[in-house]
Amino acid sequence: MKTFFPSEPCKETQLNAFNPQSWLQVERGKLSKLSSQPSSSSSSSSSSSIESLIKVPEPPILPFFKPVDYVEVLAQIHEELESCSPQERSNLYLLQFQVFRGLGEIKLMRRSLRAAWQKASSAHEKLVFGAWLKYEKQGEDLIADLLGTCGKCAQEFGPIDVASQLSLDINVDSHESLFINGNQISRHVSFRIGDEKIVCDRRKISCLSAPFNAMLNGCFTESLCEEIDLSENNISPSGMRAVNEFSITSSLSEVPTNLLLEILVFANKFCCERLKDACDRKLASLVSTREDAVELMEYALEENTPILAASCLQVFLRDLPDCLNDDRVVEIFLQANRQQRSIMVGSASFSLYSLLSEVAMNLDPHSDKAACFLEQLIEFAETDEQRRIALHQLGCVRFWRKEYEEAKRLFEAALNAGHVYSVAALARIGYSRGHKLWAYDKLSSVISTVTPLGWMHQERSLYCEGEKCWEDLEKATELDPTLTYPYMYRAASLMRRQNAQDALAEINRILRFKLALECLELRFCFYLALEKYQSALCDVQAILTLSPDYRMFEGRVAASQLRTLVREHVDNWTAADCWLQLYDRWSSVDDIGSLSVIYQMLESDAAKGVLYFRQSLLLLRLNCPEAAMRSLQLARQHASSEHERLVYEGWILYDTGHCEEGLQKAEESIKIKRSFEAFFLKAYALADSSQDPSCSSTVVSLLEDALKCPSDRLRKGQALNNLGSVYVDCGKLDLAADCYINALKIRHTRAHQGLARVHFLRNDKTAAYEEMTKLIEKARNNASAYEKRSEYCDRELTKADLEMVTRLDPLRVYPYRYRAAVLMDSHKEKEAIAELSRAISFKADLHLLHLRAAFHEHVGDVLGALRDCRAALSVDPNHQEMLELHSRIK
């Protein structure tokens, strides 16, 4: 997410000044290395310098909905979606979005938003969720442009035609001429406005509204008059002529905006519904800019014109986040009363203010507007879940603004409403007031009354010391290994004790599977303290690759500045040195090291397009899709030729799910010039998009064409590896083995895995195991290698390998499933279910939920099975096996 969530200052003493250059001078000349045995005085100086470098801030209080049992909540949402009215669907998908956001599942969040948009029951919901999706996809305009070049319209979440989707019930009565005192009323009537007279058809004007019909045909004096003075009714002669024209033609064509507004007020005064509706629609069609919307929204709310109001709202929302920097727009949202909000957004107020709150918090979580939008959100909450979310979010904003008394009231209300996570904030507030024991007891009470989660122990560790603190942090990691704070705290503690080796090992535990910027920053500090400037440079360059504007040391200094200072302490590499370093790191599957080398190479005059492309490949391997897309776009921007640019455009389209269009770009590139990357892209996209088994021969031919084109060993190794995989799928094991062996000759280390598969298919399990062992020994990141090797050994060795996988990367789900299946085979049903539950508690994974549902069904726990089925279908609504299991259980 885009949000920066500030944390309260940590418990260590704050630095009074910050001077990175002086730190580096100290490190270089005076600070004893931790590996030596310092004297007591130098030890004190060393500890002081280390202390200033390795501050670990407290984990932030997140403004997210974090239920104790997210599976139960997802299941409940799914159940309600099965039977609810169409009007309730979008809000249920919005709640599902909030659950996935609390879990950090970005893809699932977007899918829920998309479902809310697809199932919208009103134009207002459609435009709110369409704008929200557009906001979430900021920076992806290039993708729409590229799709356009392929002849595909990409305005999926484009502006809607409000006028066509908002139909109003207008009562249109036809009024015949009446007879008074036996005489027919005159056919024409003149309206005097100032010195001008506008002659109108009495019958046509009377048909505009009941008041006009009563005036012209009823028992009023005016019904006998051929001339009526309208000078005091705020209508100009031009306006009245336009009204007369409308009474005849039912059209307001060619009427300028200022006159339309005048007619709108007049139509409202005389209850001319058809005329008002025509003004509403005509004005709505003229809204195109923020200035238009600001000016016209006032009239829309004052004169009750919902189509105009919705059109203005759409302009505002499609201009997010910029429009929230305009005080006039913010005032419109904050000053509207209940009736005006109904005019503006119908019954979608909660959805609207959820979006506005999110954007405002992303812009500045301390701002008045964020607080005000959240206050409105609480007012519009209709369900308990909506109220919990709004109370907790507003509590977070008040907490960040140090308005602790009000924050306490809000968090208590959220906690009483059932949002247990709010207790973490209450404990922080209590601790800030000196109630440390109270804070500890508050968390202990929660831990003892609900199923404990990792964050609970993490929070409690803040209010104890020594062994108790360490035990809580260990328990936090056991329950939720994705939490970064426990690793950082333990690593920093070890570093302060001058146990550098263990400190680095601890922080590396999480960096193996989660590339968290705060963890890279801490390791950078460790290397700085150890005077390992080359390693420090590697980490800061990796940080800048992931986040070019990142600021370190609590935001006080730009990472780019620190990099400049550290570079003074390392040897410069030539272009040849950089390529050698890149080969070494790429071959040893050192992705962070490879990122750093590429960052350094980009400073030279080398072909930047190629380097940014390599960078994107590494970032995808490291599960950083947003940074990878940014690098791909930079590759396109720096392409040295048209055919190279087309290849990068093809990868951009492929990586965003537009496989056919990616294939089209590859073919366009090949027409211009036969190149390795164009053939490789075409082979990759074709293999993914075609369901025809016969396409394998085409893929083989394309990869062979790629290998005939000039390229470096890194990419040729990948092509040989892919070609080997295709041959294996076709049963051509000898050809596959040749490909893998040739890939290994040019140090494509991952080819060991393919060669192991060939050995296994030849019934040589021992050779397969040995081949995977070679990969494990060579690769820096080897969790996947251990997992793959587990397929080629007996049960005991398999269990050992999979335990290692879980230690190296606890997010990999296969080991949990395997262990659970073994336990189930041994009739240890409770232990099997517990093994799956251990992973499910921190990872919403379809396969884990599917297997647990099957286990629940096996032991006769129908409700448990149904719950897991529903939660799994929230993760993937179209999973066929889950649908069948759900149907059977239900």
Heavy atoms only, probe 1.4 Å: what % of the accessible area of region 391-449 goes to carbon and sulfur, would you let me know? 53 percent
Phi to ³J(HN,Hα) by Karplus 6.51 cos²θ - 1.76 cosθ + 1.60 over region 663-673, Hz, x for Gly, Pro: 4, 4, 5, 4, 5, 4, 5, 5, 4, 7, 7
Find how many whole Å separate the alpha carbon centroid of region 835-890 from the alpha carbon centroid of region 521-542. 44 Å
Taking the chain and dividing mean pair separation by its residue count, relative contact order in percent (alpha carbons under 8 Å, at least six apart): 9 percent
³J(HN,Hα) computed for each position of region 276-282 - Karplus, 6.51 cos²θ - 1.76 cosθ + 1.60, integer Hz, glycine/proline x: 4, 5, 5, 4, 4, 5, 5
Pairs LYS608/LYS716; LYS126/LYS369; LYS134/LYS402: which are spaced more than 29 Å apart, C-alpha to C-alpha? LYS134/LYS402
Once you have the alpha carbon radius of gyration of region 712-801, what is it after dividing by 2.2 N^0.38 Å, with N set to its residue count? 1.04
Ordered by residue, what ³J(HN,Hα) values in Hz, to whole numbers, does region 67-83 give under the Karplus form 6.51 cos²θ - 1.76 cosθ + 1.60, where θ = phi - 60° and Gly and Pro are x? x, 5, 10, 5, 5, 4, 5, 4, 5, 5, 4, 4, 4, 5, 5, 5, 10
Share (percent) of C-alpha pair distances in region 483-571 greater than 14 Å works out to 62 percent
Measuring from the lowest to the highest alpha carbon on each principal axis, how far does region 70-164 reach, largest first, in angstroms? 45, 34, 18
Using every alpha carbon pair in the chain, what percent of pairs falls into each 20 Å bin from 0 up to the bin containing the largest distance? 12, 36, 33, 13, 5, 1, 0
Over the chain, average the accessible area per residue using a 1.4 Å probe and give it in Å², no decimals. 44 Å²
Let me know the Rg and Dmax you get for region 811-889 when you use only its Cα atoms, in Å. 11.5, 32
Once Rh for region 186-273 is found with the Kirkwood sum over Cα pairs, what is the Stokes-Einstein diffusion coefficient at 20 °C and 1.002 mPa s, in µm²/s? 165 µm²/s
Search the structure for amide H atoms under 5 Å from the amide H of VAL557, placed 1.01 Å from N in the peptide plane, and list their residues when 5 or more places away or on another chain. MET552
Taking Cα pairs under 8 Å and at least six residues apart, what relative contact order does region 679-768 come out at, in percent? 21 percent
Carbon-plus-sulfur fraction of the accessible area of region 712-801, 1.4 Å probe, in percent? 45 percent
Sequence-separation-based contact order of region 603-727, relative, with Cα cut under 8 Å and 6+ spacing, percent: 16 percent
In degrees between 0 and 90, to the nearest 10, how far off the longest principal axis of the chain does helix 20-29 point, with axes built from Cα atoms? 0 degrees
Taking all pairs of distinct Cα atoms, average 1/r, flip it, and tell me the Kirkwood hydrodynamic radius of region 224-348 in Å to one decimal place. 15.4 Å
With all protein chains present, region 70-164 has a carbon and sulfur share of its accessible area (1.4 Å probe) in percent of 47 percent
Counting only DSSP loop positions in region 505-575, the GluC sites (Glu not before Pro) whose Cβ has at most 12 other Cβ atoms within 10 Å are GLU568
Of all DSSP beta bridges located in the chain, what percent are antiparallel, nearest 5? 75 percent
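The values are calculated or read from the model by the stated rules, or taken from the named source; none is laboratory data. Given the structure is predicted, the values throughout are model-derived calculations rather than measurements. So basically every Cβ, Gly included, is an ideal-geometry build from the backbone, and we count neighbours across all protein chains shown. Ligands, DNA and RNA are stripped out before the accessible areas are found, and what is left, the full protein with its side chains, is counted by its heavy atoms. Shrake-Rupley method; radii C 1.70, N 1.55, O 1.52, S 1.80 Å.
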